[in-house]
Structures are given as C-alpha cells and as structure tokens.
1. Just 177, 125, 93 to compare: in a GNM of the chain, with alpha carbon springs under 10 Å, which one fluctuates most?
2. Output wanted: per-residue J couplings in Hz (rounded whole) for region 153-161, from phi through Karplus 6.51 cos²θ - 1.76 cosθ + 1.60, θ = phi - 60°, x for Gly and Pro.
3. Pulled fully out, how much extra length does the chain show between residue 102 and residue 186, if you take 0.36 nm times their separation in residues and subtract their Cα-Cα distance?
4. Return a whole-number percent for the relative contact order of the chain, with Cα pairs under 8 Å and 6 or more residues apart as the contact set.
5. Can you pull the one-decimal nm distance between simple spin-label points at residue 229 and residue 61, each 7 Å off the Cα toward Cβ?
6. Please work out the FRET efficiency for the pair residue 163 and residue 24, using the Cβ-Cβ distance as r and a Förster radius of 22 Å; give the result to the nearest 0.05.
7. How far apart, in nanometres, would the label points at residue 132 and residue 259 be if each is projected 7 angstrom from Cα along the Cα-to-Cβ direction?
8. Tell me which residues come under 5 Å, amide H to amide H, from residue 190 once H is placed; ignore anything under 5 positions away on its chain.
Amino acid sequence: MARHIDILEHPQTAIEVAAATLAEGLPIGLPTETVYGLAADATNPAAITRIYETKGRPRFNPLICHMSDLAMAERYAIFDPISRKLAEAFWPGPLTLVLPLRPDSGIHPLATAGLDTVGIRVPQGFAGDLIRAFDRPLAAPSANTSGKISATSADHVDDDLGERITLILDAGASVVGVESTIVKVEDGEMRLLRPGGLAASEIERVAGKALKRKKKASAAIEAPGMMASHYAPGAAVRLDATEVSENETLIRFGKPDIVGSENAIAVLDLSASGDLSEAAANLFDFMKRADATGAATIAFSHIPDEGLGEAINDRLRRAAAPRE
Ligand code: AMP
Ligand code: MG
C-alpha cells in the first residue's frame, strides 16, 4: 500500500520523504496543476524503467521531463528564440516544449525513448518546489495504467497504482485537469504536437504567429506514442450525442437539448454554464464516474473546439477510438 502525504498539511515532510524516495530510484505519485504524475529521477535508468513497468507503458513513448525553472531547463536542452519566449511567458504552467537535447545532458535515453530531443515542462507549485529541492529533472507521465483515463486526484492514483508504488502526495483535485499542450519549434515554425491545458490561441498571441496543426487523418502517430486509442474507460464512448438511450450515461456540456435524457442511467454536467476550463477540470473524474454507473456506453453532448475545447475533444476522440 502506498503512503499518502497531504502536501498542504505537511509540505516539508512531503518534500523530504519524496526526495528520499526519488533518490532510491522509486517513482512517486506527484500532483501537478495538469494531472497527477508518476514521477522518477530522469537521470536514473532503473527509476525510469520502473515508470514504464508500473504503467505498462510502451518504451517507444517518450516521457516529459519536469524542471524547476527555465534556468534548469537550459542546462538540459537548447532553446531557440521562440521556445524561450514561450517558456518565459508560460512557465511555470501547462506547456511542454520539445527541444534539442544537450549532448551529455545526463537525462537518460530511456526517458526520451532514444530521441535527440526532449519534452520539457516546468510545473506550477509543489512539484516545482520538489524538483528544486531534488535538483534533478523528474520524468513523469500521468499516474495511471497506460491507455486508461488520466489521474486527477490522489484517490485516482491509489485506485489504479496504489499496490505498485510506495508514496502518493496529495494536493486535492488537479486544477487544470488535462495534460499539457505540447509544442515543437522547427525552422522557426511552431507545431502543435498535442493540444492541452494551455489554449493554442494564447500561444499564438505571445509568439505572434500561427501554430501548425497536424492533419486530422494522421492524428494518431504524429509524435511517438500518440496512440489513437487512449484515455479509454471500460464503457464505449460516443461523441456529439443528440439523443441518449436507457443503457447509456450522458455527460453534458452547457444546456443541450438531448432526446431521452430522462431515461439515461445517469446525467453528469461537465459545466452547466458552458465554461471550458471547468469542463477540462472535471473531464477525467467524470469519465471515471460515468464508467462506475455500469453504462455500456458513455454519450457526450457536443463540446465546441475552441480554447480548451480543443484539448477536451482530442481526449474524447481518443477515448472513442477503436481499441486493440
Ligand atoms: P504523456 O503521455 O502525457 O506522458 O506525454 C508524453 C508525450 O509527450 C508523449 O506521448 C509524446 O507524444 C510527447 N513527447 C515527449 N517527449 C517528446 C519528444 N522528445 N519528441 C516528441 N514528442 C515528445
Ligand atoms: Mg497519460
């Protein structure tokens, strides 16, 4: 069973116990503003191997390396002017930059799946403080079994991985609720590798240029590990529902008119007021709750594709994708 430490009640103990656990090469459940991470020392191959094994994650799927600040990130990666500008504007925050790795950076190739680039993010709050104290980058994917719904609370982490890890830090529900936006700058062009908790329009505003998006048809494998089926609940998932049947649970956004709602197993409101940030924060928890209703299918009403809706719809398309 994993030990839980509440970081608000016991911040100092949390840092000390977490740093000692990481130094042993063990992964920990770590709250960040996006989702809960399964974090381990990015310079220690045994520690990184434990991340892949704990999650059942394919090793060709690189991990995001978390840093305490831009100065630390510059020790590991080479920044072009646009990436630096984005880092200065949005770090700490839900933005991951894919950057050329410095030779002999010390980040183990297992963390980057052998690529000559590294995905770097500076998380807000406690996670950043822990990295500063530990003084090494933390590789951290979401703290859930690979392919399943991401964890946005310490209880989600415990339910899924509690038997396989020794420590879970608890900071309550993740504020943003979806993973980071991933951007790669190449030849002065910005490419959106994954929509996420920072709206694309914000990035474009700061950079003063457009983000290039991948074509929908090739959405599955643009970046290593961007599998088509992901975020999969036990139930099937159906999008843009306008009607619902009695063996389905309905998840609504705004106040849509859905035929047959009164017969659904349950009806959950991601955001009754139509607030996309609120919907993102609720998304994964509501998918788990809908799954727990025993519905054969979870039906989602339409969610607009603007702002954080782009990240929400990306996750939902993959939750609805055919499963292998
Ligand atoms: P997650 O699956 O949420 O842990 O996010 C990690 C994702 O970041 C991976 O699935 C990759 O798509 C992306 N990523 C991480 N590092 C790199 C990299 N060096 N190059 C391209 N994509 C990367
Ligand atoms: Mg994940």
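Read the figures in this text as sums done on the coordinates, not as results from a lab. Everything numeric here is computed off the predicted structure, so don't read it as measured data. Reconstructed Cβ throughout: ideal geometry from the backbone, glycine too, with neighbour counts over all protein chains shown.
1. Highest fluctuation of the listed residues: 125.
2. Running phi through 6.51 cos²θ - 1.76 cosθ + 1.60 with θ = phi - 60° gives 8, 4, 5, 4, 4, 4, 4, 8, 10 Hz.
3. 28.6 nm
4. Relative contact order of the chain: 19 percent.
5. Spacing of the two 7 Å Cα→Cβ label points: 1.3 nm.
6. Details: r = 18 Å, r/R0 = 0.83.
Here the calculated transfer efficiency is 0.75.
7. Each label point is offset 7 Å from its Cα along the Cβ direction, giving 5.8 nm.
8. 212
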